[in-house]
1. When only residues in segment 118-166 that are among the aromatic types (F, W, Y) and outside any loop (DSSP other than H, G, I, E, B) count, which is nearest to the chain's Cα centre (by Cα)?
2. So M169 passes all but one of these: (1) at pLDDT 95 or above; (2) in a loop (DSSP other than H, G, I, E, B); (3) open to solvent by 10 Å² or more (accessible area, probe 1.4 Å). Which condition number does it fail?
3. Take segment 79-123 and flag every residue that is small (G, A, S) and within 19 Å of I69 (Cβ to Cβ).
4. Only one of I105, I16, I54 is aliphatic (A, V, I, L, M) and surrounded by fewer than 24 Cβ atoms within 10 Å (Cβ to Cβ); which?
5. A58 fails exactly one of the following numbered conditions: (1) outside any helix (DSSP H, G or I); (2) more than 16 Å from ligand 2 (Cβ to nearest atom); (3) of a type in the set (A, V, I, L, M). What is the number of that condition?
6. Name the residue, out of I195, I180, that is more than 24 Å from D85 (Cβ to Cβ), in contact (Cβ under 8 Å) with a residue 60 or more places away in the chain and either open to solvent by 10 Å² or more (accessible area, probe 1.4 Å) or in contact with a strand residue (DSSP E or B) (Cβ under 9 Å, 6 or more places away or on another chain) (or both).
7. Exactly one condition in (1) at positive phi; (2) surrounded by 14 or more Cβ atoms within 10 Å (Cβ to Cβ) is not met by G31; state its number.
8. For V200, state whether it is outside any helix (DSSP H, G or I) and closer than 17 Å to D26 by Cβ.
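The values are calculated or read from the model by the stated rules, or taken from the named source; none is laboratory data. This is a predicted model, so every value here is computed, not measured. We place every Cβ from the backbone using ideal geometry, glycine too, and count neighbours over all the protein chains shown. Ligands, DNA and RNA are stripped out before the accessible areas are found, and what is left, the full protein with its side chains, is counted by its heavy atoms. Shrake-Rupley method; radii C 1.70, N 1.55, O 1.52, S 1.80 Å.
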Amino acid sequence: MDLNIITLGITNTYIIKGKNGYVMVDAGELGRVKSFVKQARNLAIDPKKINLIIITHAHFDHIGSLADIKEICGCPVLIHPHEADILARGEVVIPPGTNPAGRMISGIGKGFKFLFRFKPVSAELRCEGEFDLRPYGVEGKVIPTPGHTPGSLSVVLDDGRAMVGDLAMNFPLTWTNYPIFAELPDEVYKSWQKIRGEGVETVYPAHGPCFAADNLIG
Ligand SMILES: [Zn+2]
Ligand SMILES: [Zn+2]
């Protein structure tokens, strides 16, 4: 399965090529729809062939351009029920930091919420347990991986690759893939174990390049 990356602002979005179209993971920052269309064209991806958009969680940098991208693709959105409510309300959530840098950014962000406003979207599909992607032509599934947020989801492909949203981050010059923001810090490690238990070998985070799943320890 081809895995294409389209970077929208600070966020990697992923477009998985299935048997009869594509499945997209996350929708990037606000105001990136033109960039999405251009990058999709360069990759020879017809947005109308995207049959599902999976949202890993309802933070502004993952749903900012969702309303516009969804309209272009004309497809349903899948999200965890907890995050679906935030998405439908258009609520800007700034998560707490897990280290001094994260706490500082979180504190500043709370004062500038108006900058992160996005168009609300009502998602057609909810994922609370596992969601099989085979009906969408993709050999893989969506599983709950709480920690960064209570309703965070990951997309696990049968071939050992996983898109984990912000369950893990991969910034240069940092020694850990632990997310710098988390609402449920202890759950992060449990979800890391869950990802490894699924036989994942390569992790594709929303921020930074892919890395070996062996790094998910602690
Ligand atoms: Zn996030
Ligand atoms: Zn993020």
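1. Pass one, segment 118-166, residues among the aromatic types (F, W, Y): 118, 131, 136.
Okay, now just the ones that are also outside any loop (DSSP other than H, G, I, E, B), so 131, 136.
Values: F131: 15, Y136: 18 Å.
Looking at the filtered set, the residue picked out is F131.
2. Failed condition: (3).
3. If the condition is that a residue be small (G, A, S) and within 19 Å of I69 (Cβ to Cβ), then A84, A88, G90, S122, A123 are the ones that fit.
4. On the way: I16 fails: surrounded by fewer than 24 Cβ atoms within 10 Å (Cβ to Cβ); I54 fails: surrounded by fewer than 24 Cβ atoms within 10 Å (Cβ to Cβ).
Just a single option satisfies the conditions, and that option is I105.
5. Unmet for A58, out of (1) outside any helix (DSSP H, G or I); (2) more than 16 Å from ligand 2 (Cβ to nearest atom); (3) of a type in the set (A, V, I, L, M): (2).
6. Values: I195 fails: in contact (Cβ under 8 Å) with a residue 60 or more places away in the chain.
Matching residue, one of I195, I180: I180.
7. The failed condition is (2).
8. Working: outside any helix (DSSP H, G or I): yes; closer than 17 Å to D26 by Cβ: no.
Criteria not met by V200.
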